[in-house]
Amino acid sequence: MIVYSTKNCPACIKLKAELTKRKIKFENVFMEDLDPQEQLKIMKKAGTLSVPLIEKEGRFITEREICPK
């Protein structure tokens, strides 16, 4: 599972903390470390311009799918 985030995003920090708490393994990718074309490609595939984005098995999912309340 990949979490696409930015370094100063409160929602991203919260999501990663929750995944860690639940012992759900993930790879974190900071969007600002990617070139702009790669960022756009990911956002188009996800269908949104906001982060965090969660990619699992090639599809984008919501936080609720991975961390139900």
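Positive-end ranking of Pro52, Val29, Leu19 along the dipole of the chain, with charges on Cβ about the Cα centre, is headed by Leu19. Counting only DSSP beta bridges whose two residues both lie in the chain, roughly 60 percent are antiparallel. Quickly estimate the mean residue ellipticity at 222 nm for the chain, helices only: each DSSP H run with n ≥ 4 gives -39500 (n - 2.57), and the total goes over all residues, rounded to 500. One gets -11000 deg cm²/dmol as the mean residue ellipticity at 222 nm. Modelled label positions at Glu38 and Ser50, each set 7 Å beyond Cα in the direction of Cβ, lie 2.5 nm from each other. Over the chain, accessible surface divided per residue gives 72 Å², non-protein components excluded, 1.4 Å probe.
This structure gives Kirkwood radius over Cα pairs in Å, computed directly, and of [x] 12.2; [y] 13.5; [z] 13.0 that value is listed as [x].
Distance between the 7 Å Cα→Cβ label points at Asn8 and Lys25: 3.4 nm. When the pairs Lys21/Lys41; Lys23/Lys56; Lys16/Lys45 are compared against a 23 Å limit on Cα-Cα distance, Lys21/Lys41 fall above it. Relative to the first principal axis of the alpha-carbon coordinates of the chain, what is the inclination of helix 10-21, with its axis defined by its Cα atoms, in degrees from 0 to 90 and to the nearest 10? Its long axis makes an angle of about 40 degrees. Taking Cβ separations below 4.7 Å as the criterion for a possible disulfide partner, the isolated cysteines in the chain are Cys67.
Placing unit charges on the Cβ atoms only, positive for Lys and Arg and negative for Asp and Glu, gives the chain a dipole magnitude near 400 debye about its Cα centre. I'd like the carbon and sulfur percentage of the solvent accessible area for the chain, probe radius 1.4 Å, heavy atoms only, ligands and nucleic acids excluded. Summing carbon and sulfur atoms, their accessible area is 54 percent of the total for the chain. So how tilted is helix 36-46 from the main axis of the chain? Cα-based, degrees 0 to 90, rounded to 10. Relative to the chain, helix 36-46 is tipped by roughly 50 degrees.
The values are calculated or read from the model by the stated rules, or taken from the named source; none is laboratory data. Keep in mind that this is a model prediction, so the values were computed, not measured. Quick reminder, even Gly has a Cβ in these numbers, built from the backbone with ideal geometry, and neighbours come from all protein chains shown. The protein model used for the area step is the full one, side chains on, heavy atoms only, and it has no ligands, DNA or RNA in it. Shrake-Rupley method; radii C 1.70, N 1.55, O 1.52, S 1.80 Å.
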